[in-house]
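What follows draws every value from the coordinates through simple rules; no lab data is involved. Here the structure is a predicted model, which means the values were calculated and not measured. No Cβ is skipped: glycine too gets one built from the backbone with ideal geometry, and neighbour counts run over all protein chains shown.
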Amino acid sequence: MKFTIRALFSAFIVARLFFNSPAFGEEQIESSLEKLMVNYEGKVIEVYQEMQALERSPQTHQERLAFDQLLSNYTLRVLEIYKTLTRIKAFTLENYKTIAARALFLKALTNLDVAEGDREKLKSACEDYQQALALTRGAKIPVLSQTLPYEIWIGDRLYTKLAELLDDQDKDRVLLRCMNSSGNE
Amino acid sequence: MKKTSLLLAVFLVTAGITDAVHAQKVADLFEQTKAAYEANNSKQTVDLCRQIIQQCEQSYAEAECRYTNVMKNVYLYKGLSEYKIYTEEQDLDLLTEAIASLQQSYELYGDPNVTFNFGYMQTQRAIKMQNGNELEGLVASWDGILSMYANQEWTLDDELLKNLKIFVKQAVELTVTPADSAMTTGRFASFMVRQACDLAEQGHLNQEDRLFFDVYRKRAIEDNYNLRGNEWRARGFAAEEEFIQNPDDYSYRKTRTNLELALRFSKSIERQVEMLKELTKVALHMEKNSSDRLAETELVYAREKAAQAYNLLVERRPNITIDLENEIKKVYGNSIFRMVDYYFSLADSTDRLNAYYKARRVGEELLLPDRKGGWKQKFKWDGYEELYLRLADVGYETGDEAFAVDMIDKAWKAALHSAKLSQTNLCSDVTIDKASNLVLFVDVYQQIANRFGLQTVLHWLRPIRKCLVSRMNVSTNRHE
């Protein structure tokens, strides 16, 4: 419900911009939305890195949950913009899909990070992972193997590809297994 | 039979009244609710909202119950009125009710203002309940702020800026809740403050607002993102300022508590030594300014904190400025000097020798063998000559010739060093102020030399004293 209202709201703003200012062309709207999408993706990365700076201990659990929620909220905003772009354009650039997918991958990893056996969180992680893969199906280079447009630092380790991050952060291959169990292999 | 008919009549009349009450339509009730809410009649608003909700829960609810625009406002009015009553009565149950009502309103219609408000209330409840790890409120109010920002087409207005400031203050308050134990690492609160500052910087801030966000950004970043420790430090300094103006017991306790918390939650050695130094300073200030307290307690405390700071300085070599290092040395030296002086002054009223030996033992904490059979202070500090002088007094009083002579000799040399004078050109270079200070050292030196029969010393001291006194007399004559 919340998501729908927010999505509708974004669409409303875009529509207002579109109709109220004739000089403000479609391309400009698209470019400002893209900027915003990149900005929010940046926030997703920021939250993810900040969260990784916390050690895993019972004392940090509440904070990690709060970071997880914050990252989810930023990801929802990336997805809203993506959906708005799909509405105003006949076809969507691969770049937008890639941005949305990257945010979803990180959301899945974050959910997994805080899950600690919580079924809801694990389910949500699986759904995000599946949605991310579905979004980028048919990409020339798989999103997971693409070099990231930014650096992700966790401790002393630098990640330049999501695949490396997934290998390290999802050591039990939970996300891979959830793909298998949903029959999407 | 007659009785039964009467009962039936009473029942029918009662039922008729009840029906009449129930018959009041939701639309009418809503109008009344709106009027009560606008008239700031919180209790009546809550009652009316409850009636509407109750009526809407019935199987055949009226159409208004299905209108989002009506029901979102019913829950909104209820929540805001419950919150108003809470602020008057401070009943936490009411706050919980208010949060639930606003959440219901948000579920019906995702108004970002409502998210911000219930997030704010959740954090307020967490603070009130001393539950520093309840962070959902911050997440919710931040979500509200971001949505409001989007509503305004990504521009900042005064209202949003006000909300950002409220958000920052709440995040800070939550991270220092409870005061005496840390339930989180504080990293999340620090991150949220930084996020708020980033967003605020997107707008045109006036000078006051810019200062506000600059201060809190700094507080969220310094000492490895130690918002909690930095906040206690800031509160400690603010309390200290007040304490310096008005050194009473309350402001002293407040300052000490805040600074001790800043010390407890500090992350770096640099911060630890700074807080230890500050604690020493306030304890010494308290001892100096209070007449009705036992000075010894504060002096012992000051000495302990200063010694801890100095030991960290020597053992851990923190990356601090020369100024801070000098200040640490000064407060350590000063706390030792004051304690020596305190025990020395006790000699008049208590067991004399015992007091002198106590004073000496304290003073020896700062002394090291100087490889010439004597003693020297571990480090030079602003005022180190005074400690030598007082220890020379102790040596004189206890009849320890070697110690007294060693100390007064070092005191004299230290006094010349501090005054940036050399003994050879003393007479020509000394100013009036310096002369009156140096003469004190010469007097003690002469006293010691007399007691222990040091003729050579007396020989070279005599012209020095004469010169210093004549310099002082010049000033006296001039003033006359």
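Quantify how strongly other chains surround peptide A:35-46 by giving the mean number of their Cβ atoms within 10 Å of each of its Cβ atoms.
Mean number of neighbouring Cβ atoms from other chains: 1.
As an exercise, identify the trypsin sites (Lys or Arg not before Pro) in the stretch B:341-414 lying in DSSP coil whose Cβ has no more than 16 other Cβ atoms within 10 Å.
In loop regions of the stretch B:341-414 (DSSP not H, G, I, E or B), the sparsely surrounded trypsin sites (Lys or Arg not before Pro) are B:R371, B:K372, B:K378, B:K380.
Determine the principal axes of the Cα atoms in the stretch B:250-397, then give the extent along each, sorted from largest to smallest and rounded to whole angstroms.
Computed over the Cα atoms, the extents are 46, 43, 19 Å.
What angle, in degrees between 0 and 90 and rounded to the nearest 10, separates the Cα long axis of helix B:68-89 from the longest principal axis of the Cα atoms of chain B?
That works out to roughly 40 degrees.
Can you tell me the Rg and Dmax of the stretch A:45-112, counting just the alpha carbons, in angstroms?
Spelled out, the Cα radius of gyration and Dmax of the stretch A:45-112 are 14.3, 49 Å.
Can you sort A:T84, A:T60 from fewest to most other Cβ atoms within 10 Å of each residue's own Cβ?
A:T60, A:T84
State to the nearest 20 debye the size of the charge dipole of the protein assembly as shown about its Cα centre, where the only charges are +1 on K and R beta carbons and -1 on D and E beta carbons.
Computed charge dipole of the protein assembly as shown: roughly 1100 debye.
Taking amide H positions as placed in the peptide plane 1.01 Å from N, state which residues far from B:K267 in sequence (5 or more) or on other chains have amide H under 5 Å from it.
For B:K267, no residues qualify.
Which residues in the stretch B:388-405 have a backbone N closer than 15 Å to a point placed 7 Å from the Cα of B:L353 along the Cα-to-Cβ line?
Backbone N within reach: B:395-401.
Per residue of B:184-192, how many C-beta atoms from partner chains lie within 10 Å of its own C-beta, taken as a mean?
Partner-chain Cβ atoms within 10 Å, mean over residues of B:184-192: 6.
Dipole of chain B, Cα-centred, from +1 at each Lys and Arg C-beta and -1 at each Asp and Glu C-beta, to the nearest 20 debye?
Using only the charged Cβ atoms, the result is roughly 1800 debye.
222 nm [θ] for chain B, helices only, -39500 (n - 2.57) per DSSP H run of 4+, per residue, to 500?
Here the helix-only value at 222 nm equals -26000 deg cm²/dmol.
Relative contact order of the stretch B:346-480, please, whole-number percent, based on alpha carbon pairs below 8 angstrom and at least 6 residues apart.
18
Using DSSP to define loop residues, name the GluC sites (Glu not before Pro) in the stretch B:124-216 whose beta-carbon has at most 16 other beta-carbon atoms within 10 Å.
Sparse-neighbourhood loop GluC sites (Glu not before Pro): B:E153, B:E201.
Roughly what would the spin-label model give for B:K466 and A:V174, points 7 Å off Cα along C-beta, in nm?
That separation, rounded to one decimal, is 9.3 nm.
Do the alpha carbons of any pairs in B:K329/B:K410; B:K281/B:K413; B:K410/B:K466; B:K376/B:K466 sit beyond 23 Å of each other, and which pairs?
B:K281/B:K413; B:K376/B:K466
Sort B:265-271, B:333-339 by packing, meaning the average of other beta carbons within 10 Å per residue, with the highest value first.
B:333-339, B:265-271
Output the 0 to 90 degree angle, nearest 10, between the alpha-carbon long axis of helix B:112-128 and the longest principal axis computed from the alpha carbons of chain B.
Between the helix axis and the principal axis of chain B, the angle is about 50 degrees.
Given R₀ = 56 Å, what would the calculated FRET efficiency be for B:A295 paired with B:R210, taking r from the Cβ atoms and rounding to 0.05?
Result of the calculation: an efficiency of 0.80.
Which Cα, out of B:V430, B:Y332, B:F441, lies furthest along the positive dipole direction of the stretch B:324-449 (beta carbon charges, K/R +1, D/E -1)?
Farthest towards the positive pole: B:Y332.
Given H placed on each backbone N at 1.01 Å, which residues far from A:I154 in sequence or on other chains put an amide H within less than 5 Å of it?
Result for A:I154 returns A:Y159.
When the Cα centres of the stretch A:36-70 and the stretch A:109-144 are compared, how far apart do they sit, in Å?
If you average the Cα positions of each part, the centres end up 16 Å apart.
For the stretch B:19-110, what does the relative contact order come out to in percent, with C-alpha contacts under 8 Å and a separation of six or more?
Relative contact order, the stretch B:19-110: 27 percent.
Mind checking the mean number of beta-carbon atoms from other chains within 10 Å of the Cβ atoms in B:132-144?
4
Taking 0.36 nm per intervening residue step and subtracting the Cα-Cα distance, what contour gain separates B:I269 from B:K25 on full extension?
Residue separation times 0.36 nm, minus the Cα-Cα distance, leaves 81.0 nm.
With a cut-off of 8 Å between alpha carbons and a minimum separation of six or more residues, what is the relative contact order of the stretch B:411-479 in percent?
Once normalised by length, the contact order is 38 percent.
About its Cα centre, how strong a charge dipole does the stretch B:57-148 have in debye, to the nearest 20, once Lys and Arg get +1 and Asp and Glu get -1 at the Cβ?
With Lys and Arg at +1 and Asp and Glu at -1, about 220 debye.
How much length is gained if the chain between A:Q28 and A:E55 is pulled fully straight, taking 0.36 nm per residue apart and subtracting their Cα-Cα distance, in nm to one decimal?
Roughly 5.4 nm would be gained on extension.
Could you put A:H61, B:H204 in order, starting from the residue whose Cβ has the fewest other Cβ atoms within 10 Å?
B:H204, A:H61
Could you give each residue of the stretch B:229-243 its phi-based ³J(HN,Hα) in whole Hz, using Karplus coefficients 6.51, -1.76, 1.60 with θ = phi - 60°, and x for Gly or Pro?
Each residue of the stretch B:229-243 in turn: x, 5, 5, 5, 4, 4, 5, x, 5, 5, 5, 5, 4, 5, 5 Hz.
Based on Cα coordinates alone, diagonalise the gyration tensor for the stretch A:90-176, multiply each eigenvalue by 5, take square roots, and list the semi-axes in whole Å, largest first.
Each semi-axis is the square root of five times an eigenvalue, giving 22, 17, 10 Å.
For chain B, take the longest principal axis of its alpha carbons; what is the angle in degrees between that and the long axis of helix B:26-38, to the nearest 10 within 0 to 90?
Relative to chain B, helix B:26-38 is tipped by roughly 30 degrees.
Which whole-Hz couplings ³J(HN,Hα) result when phi for each residue of the stretch B:359-373 is put into the Karplus expression 6.51 cos²θ - 1.76 cosθ + 1.60, θ = phi - 60°, listed in order with x for Gly and Pro?
Ordered by residue, 3J(HN,Hα) equals 4, 5, 4, 5, x, 5, 4, 9, 9, 10, x, 9, 6, 10, x Hz.
Based on the alpha carbon coordinates of the protein assembly as shown, what radius of gyration and maximum Cα-Cα distance (Dmax) apply, in Å?
Expressed in Å, the Cα Rg and Dmax of the protein assembly as shown come to 36.9, 135.
What Cys residues in chain B have no fellow cysteine's beta-carbon under 4.7 angstrom?
Among the cysteines of chain B, those whose Cβ sits 4.7 Å or more from every other are B:C49, B:C197.
Can you give me the Rg/Rh ratio for the stretch B:19-110, using Cα atoms for both radii and the Kirkwood formula for Rh?
Rounded to two decimals, Rg over Rh is 0.97.
Exposure proxy check: B:M129, A:M51, A:M37 ranked by fewest other beta carbons within 10 Å?
The most exposed by this proxy come first: B:M129, A:M37, A:M51.
Label B:R253 and B:A238 with points 7 Å out from Cα along Cα→Cβ: what is the distance between them in nm?
Between B:R253 and B:A238, the simple spin-label model gives 2.0 nm.
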